[in-house]
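Asks: Below you will find the structure I want to go over with you.
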Amino acid sequence: MLLINSTTGFSEDKYSQEVNEVFDLSLSELMSTTVVVASLFEEDERHVASTVNAVSKLDWKKRGAKTVSEAISHLPSTQILDTFSASQMPVFRGLTSITAVRGTLTLFEGVPLNSFALGTAAYDIDNIELGTLDRIEVIRGPGSALYGADAFQGVISYRAFNEEKVTSTLDVAAGSNRYYQSQYQYSNGFSQPLEIDLTVSSSGQGRQSHAFNYTDSATNSPNVSKYEHFFETHTLYLKAATLFKNEASIEANVLFNEHKPDGFPGLAPLCQSNILPATNSVEDCFHSAEKQLLLGKVLYQQPFSNKMVLDLSAYHWKTESIRDLPRVSAGTLLREVQALDEQRSGIKALLKQKRSDNIWIQQWALGAEFTQQKIEHFTDKINGQLSVPASIPQLQEGDARNLPSFFFQAESAIIPQKLKTIYGVRLDKYQSFGNQTTPRAGLIYEADAKNTVKILWGNAFRAPTGFELEGTAAIIGDKDIEPEEVETYELSWISTRDNSKQVITLFNNVIENTIQLSPSPSGSGKSLAYVNTSDNNKAYGLEYEYNIIYDTWSIEFNASYTESKNAGSGADFVAFPRRIFNINVGKDLPKYGTSLFLTSKIHDGMTESPTSSKSLRTFWQTDLHISKSLTNNSELYMDIANIFDRENYLPSVWLVENGIPQESINLTLGFSINF
């Protein structure tokens, strides 16, 4: 939940200024910050046709978040799980499964990062450094009317460091769990002829030795081992922008990200502890990866006198990844290594008119874009040899998707100052399955200045991935496979007072034409095949959010209840927690230049994996963050994670026995200084 969305500089101890603003300003003032992910216009969350949250630097810092996944893990109806490629995946509003990660769009400064081969950014672009970002905006729900296929069940938008004032900041930290991070941020401010924003960030974590229980294959009895969960990440970001005399502007962005995780839980269907040969240890099933991203973007903006603005943008990115995936076959442990290089390019034109006097169409936007996704290189080797002969159909170098798209959004007043409608539609022209049209609409009723009711409807789709179309070494693809579709209904009430805010949201999602794995036809040479199913998946639930600021206290609380099931079989999606509770309590001690924040996160009613009936104990983690101003331009902070040292587990989407163990109690000390 957005408590403060700060984009000002670290000048005179930025973090302390942010904390003081929390307690000095009214919540309604803090909530007036705009978001851009849920609309083609900048709007506050009351006036967009989506359920959206913005997470600021202060939000993730006061919770002790170390990764982008941790930074959004406190949102309602949100679950973060370990998955394929030593990655972490977000799941929104139920339906946790192996493929749930596909269909959540990830953006960096408006550039889509999702892979053509895999349908997600989580596998290969999963840990951009927090020091690169100003905030993260999240849509829980469909976004295809704005962004197309990848925005099936949610959108995560990274907004990069963007400073108005001259600033130069160094932040370093080290933890008892062998964690370390350093980040440097520099800006010469908006007033310069050429604005420069630069960040250099790095973090890592040594071997963790998280204990876990498993069944020993040799004795068929319980045993204990340890996951290592170590990684290193490096991110470099540079932006250069200039403003011309005619008020036009041009901006160029470059991002480099490298992430190397290792010692993560394996993929149980391929390499689970209870099917290992007796001569191998369970640690031989752990997997690792190396991933790199290089991205460039150029944006040109031209405003006109009649409140119209033209945006022209182009981007290109390339990823390189290597995944080490142990597997057991015929009683032998094999080393499978996948190497995948992809690139994605796009150009977009957007023309919009802001807040005209015409009540019938108060503002509108019309745009077109063209996207090309291409496989530059792909090999799948087992013990150094190609997993299948080149003659067997599967995803290969040169496979590509060219996609022209057109989109429209408008806002009209039904009752001026009281009731308005926001509506839009997008057309994507696919080579494989044809045209896909995705509409959305919302009614927004402002009963008064403090109460808003939103009724939202949206349609979205998930296009087949490259692997689903072309196949893999073990799975038959289908070039005629149809996209998945989801229809979502939401009812939301937002109420604000001078020092408090609450939001109640009801949602209902129905997914049709799901893409699943099924046994392949006999004689095909492969064991599985991608197919469309006739079963519908359904998810519905209730979300509640409450924020209050009183004197030197702040409280953020949210809770959600979710039911999700396969309507055909009646089977529940048991790995998503039925109940989620998040609370953050803050206390400012201005006399001592100190602020304290206590965070607690509870997930209850979930099993160890999507196919298991074995329940996990309630996940309950409590963290403490303390910051102390040392001088006008420096501060010291401390994070204690899992202060009660509770033994927590989260589900494994890849069916790892007993779920995935989480971090034990650990301490991190950090220091920040502005030069």
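The values are calculated or read from the model by the stated rules, or taken from the named source; none is laboratory data. All figures in this text were calculated on a predicted structure; none of them were measured in a lab. Using ideal geometry, Cβ is built from the backbone for each residue, glycine included, and neighbour counts are taken over all protein chains shown. These accessible areas exclude ligands, DNA and RNA; they are computed on the full protein's heavy atoms, side chains included. Shrake-Rupley method; radii C 1.70, N 1.55, O 1.52, S 1.80 Å.
Asks: Given H placed on each backbone N at 1.01 Å, which residues far from Tyr430 in sequence or on other chains put an amide H within less than 5 Å of it?
Replies: Asn435, Gln436
Asks: Also: In whole Hz and in residue order, list the ³J(HN,Hα) couplings for the range 658-672 that follow from phi through the Karplus curve 6.51 cos²θ - 1.76 cosθ + 1.60, θ = phi - 60°; x for Gly and Pro.
Replies: Karplus values, whole Hz, x for Gly and Pro: 6, x, 10, x, 9, 5, 8, 4, 7, 10, 10, 10, x, 9, 10.
Asks: What ³J(HN,Hα) values, in whole Hz, does the Karplus curve 6.51 cos²θ - 1.76 cosθ + 1.60 give for the range 188-193 when θ = phi - 60°, with x put for Gly and Pro?
Replies: The phi angles translate into 9, x, 6, 7, 7, x Hz.
Asks: Then there's this: Check the straight Cα-Cα distances from Lys352 and name the lysines below 16 Å, setting aside those fewer than 8 residues away within the same chain.
Replies: Those lysines meeting the cut-off are Lys307.
Asks: Taking the Cα centroid of the range 465-525 and of the range 235-266, what is the distance between the two, rounded to the nearest whole Å?
Replies: What the calculation gives is 29 Å, centre to centre.
Asks: Additional query: Per-residue ellipticity at 222 nm for the chain, helices alone: DSSP H runs ≥ 4 residues times -39500 (n - 2.57), over residue total, nearest 500 deg cm²/dmol?
Replies: Numbers: 7 runs with 39 residues, N = 675.
Roughly -1000 deg cm²/dmol at 222 nm, from the helical runs in the chain.
Asks: Would you mind computing the Rg to Rh ratio of the chain from its alpha-carbon coordinates, Kirkwood style for Rh?
Replies: Numbers: Rg = 24.5 Å, Rh = 25.8 Å.
Rg divided by Rh gives 0.95.
Asks: Aspartates and glutamates near Lys354 by alpha-carbon distance under 14 Å, same-chain residues fewer than 8 away left out - which ones?
Replies: Glu42, Glu43, Asp311, Glu411
Asks: Let me ask you something else. Leaving out ligands, DNA and RNA but keeping every protein chain, what accessible area does Lys354 have, in Å² rounded to the nearest 10, with a 1.4 Å probe?
Replies: Rounded to the nearest 10, the figure is 90 Å².
Asks: Oh, and also: Extending each Cα 7 Å along its Cβ direction at Ile361 and Lys628, get the distance between those two points in nm, one decimal.
Replies: Calculated label separation equals 6.1 nm.
Asks: Mind ranking Lys614, Lys420 by accessible surface for me, highest first, 1.4 Å probe?
Replies: Highest to lowest solvent-accessible surface, that is Lys614, Lys420.
Asks: Before anything else, pin down the relative contact order of the chain: Cα pairs under 8 Å, at least 6 apart, normalised by residue count, whole percent.
Replies: The normalised contact order for the chain reaches 13 percent.
Asks: Val503: accessible area at probe 1.4 Å, nearest 10 Å²?
Replies: For Val503, solvent-accessible area is about 10 Å².
Asks: I've got another one for you. Non-local amide H neighbours of Gly119 (under 5 Å, H modeled in plane, Pro and chain starts lacking H): which ones?
Replies: Here the answer is Gly466, since their amide H atoms fall under 5 Å of that of Gly119.
Asks: Could I ask something else about it? Among Lys61/Lys420; Lys538/Lys614; Lys260/Lys429, which pairs are too far apart, with a Cα-Cα distance over 27 Å? Mind showing how you got there, number by number?
Replies: On the way: Lys61/Lys420 37 Å; Lys538/Lys614 22 Å; Lys260/Lys429 36 Å.
Those over the limit are Lys61/Lys420; Lys260/Lys429.
Asks: Using a 1.4 Å probe, what is the accessible area per residue for the chain, in Å²?
Replies: 39
Asks: A follow-up question, please. Would you list, by chain and number, the lysines whose Cα falls below 22 Å from the Cα of Lys57, excluding same-chain residues fewer than 8 positions away?
Replies: Reachable lysines: Lys14, Lys66, Lys165, Lys239, Lys501, Lys587, Lys601, Lys628.
Asks: Could you work out how far the C-alpha centroid of the range 301-339 sits from that of the range 153-217, in angstrom?
Replies: 20
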